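Please read the structure below before turning to the comments.
Any read-out appearing in this document is the output of simple, stated calculations on the displayed coordinates, not a laboratory observation. What you are looking at is a predicted structure, and each value in this text was computed from that prediction instead of being measured. Cβ placement follows ideal geometry from the backbone for every residue including glycine, while neighbour counts extend to all protein chains displayed.
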Amino acid sequence: MKEPPSGRLIERFTSFERIAHWTTAISFVALALTGLTMLFGRYFILPIFGATLFGWFSFACKNIHNFVGPVFTIGLIVVFLLFVKDNLAETADAKWLARLGGLFGEENVSAGRFNAGEKLWFWGGVVVLGLFVSSSGFVLNMLVPGFDYTRGNMQIANVVHIISAVIFMGAAL
């Protein structure tokens, strides 16, 4: 900042936008923890908990995962609808990307409500990865009417779900 803070506060996000964001974020963390437990728990948690406790724990994780998944999907849809208009590409985004948001140079790069990095996260994470994770999750829970739930299709859905979820978690870090 070139000037000292004025003390004037500007509301960047409404209460509803914050609720939508944090509902999605908290459900994302719950899904990440329960999903990683189901994926790797037998290797890391089973030796510590033992078979009986791990059985109960993994059962609880599966149920939490299946109930929180739709909450996450609804959160993604709400976040998409709230923020899509502010995440459309603008000419200033190219300048922001070229200067890595002001990392190179003396002055800040104008970005609008969301900078190009936030827009990339919105389209790559919320939209693309959210679509892959949510749709494959609905297939795995057999919630898609008319879908052919063969062993092969379920295996493909499982692989798509795991790969997209791991990429999503890695990108969120």
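Could you work out the relative contact order of the chain, using alpha carbon pairs under 8 angstrom and six or more residues apart, expressed as a whole percent?
Details: 113 pairs, mean separation 33.0, N = 173.
Reported as a whole number, the value is 19 percent.
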Worksheet item: Going 7 Å from the Cα of LEU97 in the Cα-to-Cβ direction, what parts of the range 118-135 have a backbone nitrogen less than 19 Å from that spot?
Response: 118-129
Worksheet, complete the sentence: Taking TRP56, TRP96 and counting other beta carbon atoms within 10 angstrom, the fewest-first order is TRP56, TRP96
Item to complete: Quick one: order TYR149, TYR43 by neighbouring beta-carbon count within 10 Å, fewest to most.
Response: TYR43, TYR149
Practice prompt. Under 16 Å from a label point 7 Å along Cα→Cβ of LEU120: give me every residue in the range 152-173 with its amide N that close.
Written response: 168, 170-173
Worksheet, complete the sentence: Distance in Å, no decimals, from the C-alpha centre of the range 16-46 to the one of the range 84-146 is 21 Å
Worksheet item: Looking at the range 1-102, which GluC sites (Glu not before Pro) are in a loop (DSSP not H, G, I, E or B) and have at most 16 other Cβ atoms within 10 Å?
Response: GLU11, GLU90
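Once the Cβ-Cβ distance between ASP148 and ILE48 is put in as r, and R0 is 41 Å, what FRET efficiency do you end up with, to the nearest 0.05? Can you show the working numbers first?
On the way: r = 40 Å, r/R0 = 0.97.
Calculated transfer efficiency: 0.55.
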Discussion item. Taking the alpha-carbon distance from LYS2 and a cut-off under 16 Å, which aspartates and glutamates remain once sequence neighbours fewer than 8 residues away in the same chain are dropped?
Written reply: GLU106, GLU107
Item to complete: Can you figure out the FRET efficiency of ALA60 with GLU107, using R₀ = 45 Å and their beta-carbon distance, to the nearest 0.05?
Response: 0.30
Practice prompt. Mind checking which lysines have their Cα closer than 30 Å to the Cα of LYS62? Skip sequence neighbours fewer than 8 apart in that chain.
Written response: none
Discussion item. Please rank LEU82, LEU31, fewest neighbouring Cβ atoms within 10 Å first, as an exposure proxy.
Written reply: LEU82, LEU31
